[in-house]
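Student: Here you go, one structure.
The values are calculated or read from the model by the stated rules, or taken from the named source; none is laboratory data. On a predicted model such as this, the values are computed, not experimentally measured, just so you know. Glycine also receives a Cβ, built like all others from the backbone with ideal geometry; neighbour counts cover every protein chain displayed.
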Amino acid sequence: MKIFWSPLAVERLENIFEYISKDDSIAAQKMIERIFKKVESLSKFPERGRKVPEANREEIREVFESEYRIIYRIEPKRIFIISIRNFKQLLPDKDIK
């Protein structure tokens, strides 16, 4: 399956990089690489993530990388990365639509 990123997910990824790189640019790069690797693994096993509790919809799922939730939607021929959030943050309804 092909993977597509929402503008919001790309923005969140950039924010994560900027935040971590304030202290350690190498650690920031490694975190981004781990997130990309986790996302790429979804192309073979898209249903491995758990259903997002706030959404309670079968097609909206999440996997974790470190303290980040990678939230995605399974569609017929693609995986759509909706957002990336800290595991302590809930997913607002507006991000799902």
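Student: Cβ contacts < 6 Å: first residue closer than 15 Å to Glu58 by Cα and of a type in the set (Ser, Thr, Tyr), restricted to the range 79-97; second residue assigned to a helix (DSSP H, G or I) and at pLDDT below 90, any location; separation 6+ or different chain. Result?
Tutor: none
Student: Given Phe17, Phe36, which one is among the aromatic types (Phe, Trp, Tyr) and in contact (Cβ under 8 Å) with a residue 12 or more places away in the chain?
Tutor: Phe17
Student: Another one. Given the conditions (1) of a type outside the set (S, T, N, Q); (2) modelled with pLDDT of 95 or more; (3) within 12 Å of Ala9 (Cβ to Cβ), report the number of the one that Arg85 does not fulfil.
Tutor: (2)
Condition check ((1) modelled with pLDDT of 95 or more; (2) surrounded by 17 or more Cβ atoms within 10 Å (Cβ to Cβ); (3) hydrophobic (A, V, I, L, M, F, W, C)) across all residues:
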residue: Arg48; (1), (2), (3): no, no, no
residue: Arg61; (1), (2), (3): yes, yes, no
residue: Ser66; (1), (2), (3): no, no, no
residue: Ile71; (1), (2), (3): yes, yes, yes
